[in-house]
Amino acid sequence: MATTVIPFGPQHPVLPEPVHLTLKVEDEIVKEAIPALGYVHRGLEKLADIRDYHQMIQVCERVCGICSMIHAVCYSQAIEELMGVEVPKRAQVLRVIWSELHRTHSHLLWLGLFADAFGFESLFMQFWKIRERIMDINEATTGSRVIVSVNVIGGVRADLSPEQIRWILSEVDIVEKEVRALQDTIMNDYTVKARTVGVGVLSKENAYLLGAAGPTLRGSGVAQDMRMLGYGGYSEIDFEPVVETSGDCWARSTVRFRETLQSMDLVRQAIAKLPEGELAAKVKGNPPEGEVYTRVEQPRGECVYYIKGNGTKHLDRLRIRTPTFANIPPLLAMLPGCELADVPVIVLSIDPCISCTER
Amino acid sequence: MIGKVIDVTVDNVVGEVMKMKNDGHRLVTFSTYQEGEDGLGILYHFDKELETTHLRMTVKRDAPIPSVSGVYFAALLVENEIRDQWDVKFDGLVLDFNRSLYLDPEVTQVPLVSNVKIEPKK
């Protein structure tokens, strides 16, 4: 049979991320996919040469807008470990609250985009309408809707008042109720299942060997989530990873849906355990010589920061490995054998963030 | 502060990575850093049940580095990224973007090495 080569992206009607795939297709069935990146590479790691270690928080927040809070947490934790800074408990738990709010709005954004990818416009609008409540919480508590910028080395720069806490708890209840109302549709609707069940299957073995991360890994049955490490305030709260086993687009979608509900529970737990105390420890001097390797769980999965200090205010090296970078090789394994029409849905199912990937 | 580190060399890195794979480790990624004037340090990060193990290798930037993408396919992207950023070559890379994963053809400065120029592509 003749092979047709079809260029997919970097601009595509349902895919908002600039990734290009060269698809080799036989009779509408994808036989091979070769990726091409480089459309949004910014060289952010290199900025560590000219921005001091405090300023680099703002750079790390801009690796990815949707994951900005958790990038800042990961970088801050790395510097704090290198410098031996003890972060106050209140700051650690506040970081958990804003991290879980970030995870919620990221997953709601993705669930809407995913629904849009298979043409379910009303579901897309419902998820994005719910997401607005989380964005309002971010704006009211930090001053910004997306890049909240509350982290500093040693803690956080914003606090939650008792009135804000009561309001967040009432909003979280509403978000949970509204998300649950969509559960039957996103998990059981005939048209949703027709586009997601059995599509883009990634086996448990392949997910692990190909280095998948986050919902892509857990959707294939591997119970691994960096929050299990108990970093920062996560040591204070009960947490079990959400796992599905079918490894298809439906499983990855369901993991994110269930994690959205779980994040609401984690916000409640964190608020219940929010201690009184300082917001940030005093930080003096520069990071000493040494190296630190830190991992956190972002909405898209495991994020890794490696830093190397040299005793000055500039780092010798800042290396960032984002979850989408890890999920591209698994994506290349999902595509062969699928129908050409399913490619956008499968690509979206890893929740790609190419801005993160290329940095 | 980074946990367990095993030193490896260009002669045994592929074998050691294979051992990690056979032992059930997941390749997380590599990190790189400048080592002296013309050297490159590479840390291969592995995970097994949330425990981290690193392999550390120091190489000269002008000598080819054995690729481990034949052992872990996932290594192909990070090896291509290192190729872009440090102007090094990997022997046996399963898909070589030839220094174009991120970089445009007209780039003449090696991104992560000061004052080292590369020939622009035609």
If the requirement is being under 30 Å from B:Ala75 (Cβ atoms) and free of Cβ contacts under 8 Å to residues at least 12 places away in the same chain, which of these qualifies: A:Leu229, A:Leu202, A:Leu209? A:Leu209
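For A:Leu123, state whether it is buried (at least 21 other Cβ atoms within 10 Å of the Cβ), out of contact with any strand residue (DSSP E or B) (no Cβ under 8 Å at 6 or more places or on another chain) and not in a helix (DSSP H, G or I).
Here the answer is no, as A:Leu123 does not meet what is asked.
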When only residues in the stretch A:292-315 that are touching a residue at least 60 places away in the same chain (Cβ under 8 Å) and more than 20 Å from the chain's Cα centre (by Cα) count, which is nearest to A:Pro352 (Cα to Cα)? A:Ile307
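Report, by residue number, each residue of the stretch A:20-60 that is aliphatic (A, V, I, L, M), more than 9 Å from chain B (Cβ to nearest Cβ) and within 30 Å of A:Leu318 (Cβ to Cβ).
Quick first cut of the stretch A:20-60, residues aliphatic (A, V, I, L, M) only: A:21, A:23, A:25, A:29-30, A:33-34, A:36-37, A:40, A:44, A:47-48, A:50, A:56-57, A:59.
Retained after the next criterion (residues that are more than 9 Å from chain B (Cβ to nearest Cβ)): A:21, A:23, A:25, A:29-30, A:33, A:40, A:44, A:47-48, A:50, A:56-57, A:59.
Of everything in the stretch A:20-60, those that are aliphatic (A, V, I, L, M), more than 9 Å from chain B (Cβ to nearest Cβ) and within 30 Å of A:Leu318 (Cβ to Cβ) turn out to be A:Leu21, A:Val40, A:Leu44, A:Leu47, A:Ala48, A:Ile50, A:Met56, A:Ile57, A:Val59.
So that you can scan it fast, the table gives a plain yes or no per residue for (1) at pLDDT 95 or above; (2) at negative phi; (3) touching a strand residue (DSSP E or B) at 6+ places or on another chain (Cβ under 7 Å):
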position	(1), (2), (3)
A:Gly143	no, no, no
A:Ser149	no, no, no
A:Ala158	no, yes, no
A:Arg180	yes, yes, no
A:Tyr231	no, yes, yes
Within the stretch B:73-122, the count of residues that are without any contact (Cβ under 8 Å) to a residue 12 or more places away in the chain and either within 11 Å of chain A (Cβ to nearest Cβ) or not in a loop (DSSP other than H, G, I, E, B) (or both) comes to 4
Return the residues of the stretch B:7-27 that are over 14 Å from the mean Cα position of the chain (by Cα) and either part of a helix (DSSP H, G or I) or within 20 Å of B:Gly39 (Cβ to Cβ) (or both); say none if nothing qualifies. B:Asp7, B:Asp11, B:Asn12, B:Gly15, B:Glu16, B:Met18, B:Lys19, B:Met20, B:Lys21, B:Asn22
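Select, from A:Pro330, A:Pro344, A:Pro287, the only residue that is touching a Leu at 6+ places or on another chain (Cβ under 8 Å) and surrounded by fewer than 22 Cβ atoms within 10 Å (Cβ to Cβ). Working first, answer last.
Working: A:Pro330 fails: surrounded by fewer than 22 Cβ atoms within 10 Å (Cβ to Cβ); A:Pro287 fails: surrounded by fewer than 22 Cβ atoms within 10 Å (Cβ to Cβ).
Going through A:Pro330, A:Pro344, A:Pro287 in turn, just one is touching a Leu at 6+ places or on another chain (Cβ under 8 Å) and surrounded by fewer than 22 Cβ atoms within 10 Å (Cβ to Cβ): A:Pro344.
Conditions (1) surrounded by fewer than 20 Cβ atoms within 10 Å (Cβ to Cβ); (2) hydroxyl-bearing (Ser, Thr, Tyr), marked per residue:
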residue	(1), (2)
A:Leu202	no, no
A:Leu229	yes, no
A:Tyr234	no, yes
A:Val243	yes, no
Condition (residue is hydroxyl-bearing (Ser, Thr, Tyr), within 29 Å of A:Gly112 (Cβ to Cβ), within 15 Å of the chain's Cα centre (by Cα) and at pLDDT 95 or above) applied to the stretch A:316-331: is it met by at least one residue? no
Flagged in the stretch A:332-359 as under 15 Å from the mean Cα position of the chain (by Cα), hydrophobic (A, V, I, L, M, F, W, C) and in a loop (DSSP other than H, G, I, E, B), in numbering order, are A:Ile350, A:Cys353
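Can you pull out the residues in the stretch A:226-238 that are touching a helix residue (DSSP H, G or I) at 6+ places or on another chain (Cβ under 7 Å) and either within 14 Å of another protein chain (Cβ to nearest Cβ) or not in a helix (DSSP H, G or I) (or both)? Step through it out loud before you land on a result.
Restricting attention to the stretch A:226-238, the residues satisfying the condition of being touching a helix residue (DSSP H, G or I) at 6+ places or on another chain (Cβ under 7 Å) are A:227, A:231-234, A:236-238.
Within the stretch A:226-238, A:Arg227, A:Tyr231, A:Tyr234, A:Ile237, A:Asp238 qualify.
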The residue that is surrounded by the fewest Cβ atoms within 10 Å (Cβ to Cβ), considering only those in the stretch B:32-50 that are out of contact with any helix residue (DSSP H, G or I) (no Cβ under 9 Å at 6 or more places or on another chain) and facing chain A (nearest Cβ under 10 Å), is B:Glu49
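From B:Val8, B:Val14, B:Val68, B:Val59, which residue is more than 11 Å from chain A (Cβ to nearest Cβ), touching a Pro at 6+ places or on another chain (Cβ under 7 Å) and either more than 22 Å from A:Arg317 (Cα to Cα) or in contact (Cβ under 8 Å) with a residue 24 or more places away in the chain (or both)?
Working: B:Val8 fails: touching a Pro at 6+ places or on another chain (Cβ under 7 Å); B:Val68 fails: touching a Pro at 6+ places or on another chain (Cβ under 7 Å); B:Val59 fails: touching a Pro at 6+ places or on another chain (Cβ under 7 Å).
None of the other options fit; the residue is B:Val14.
The values are calculated or read from the model by the stated rules, or taken from the named source; none is laboratory data. Since the model is a prediction, treat every value here as computed from it, not as a measurement. So basically every Cβ, Gly included, is an ideal-geometry build from the backbone, and we count neighbours across all protein chains shown.
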